[in-house]
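Taking it in order: structure first as structure tokens, then the write-up.
Computed from the coordinates by the stated procedures, all read-outs in this text should not be read as laboratory data. Bear in mind that the values here come from a model prediction, so they are computed numbers and not experimental data. Here Cβ is always computed from backbone atoms with ideal geometry, including for glycine, and neighbour counts include all displayed protein chains.
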Amino acid sequence: MNEHAEEIDTALAAPKFVTYLGRKAFAPSFPFYLGIGSDNELFDIPTFQHEYTSEQVQLTVRRLLPLGMETTSVVQVPATSNRLEWLEQVGKSLRRRGS
């Protein structure tokens, strides 16, 4: 994990400013901070779909590299149409402060 992971973890768990999504009128209605984990754990977290069609979906992942380079890959991730189920799965996958 990144050498600054704990510092970032602490800052995101207790932000000094109000968080919003693009405009102050769009405060997040879901947990803004989900936790920390390894890059590989990202692919265990389900994506949320309003119209659930499959247990697995394909997502395109772009990773930024030094010097402005990037890599692109397509990965299979679990899917769910239930927000509570999604939050429970996130809780199992990522470590939160104090847990």
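Listed highest first by mean packing, meaning other Cβ atoms within 10 Å per residue, what order do 42-48, 7-13, 66-72 come in?
42-48, 7-13, 66-72
Once both labels are modelled 7 Å past Cα along the beta-carbon direction, what's the residue 64-residue 4 spacing in nm?
1.1 nm
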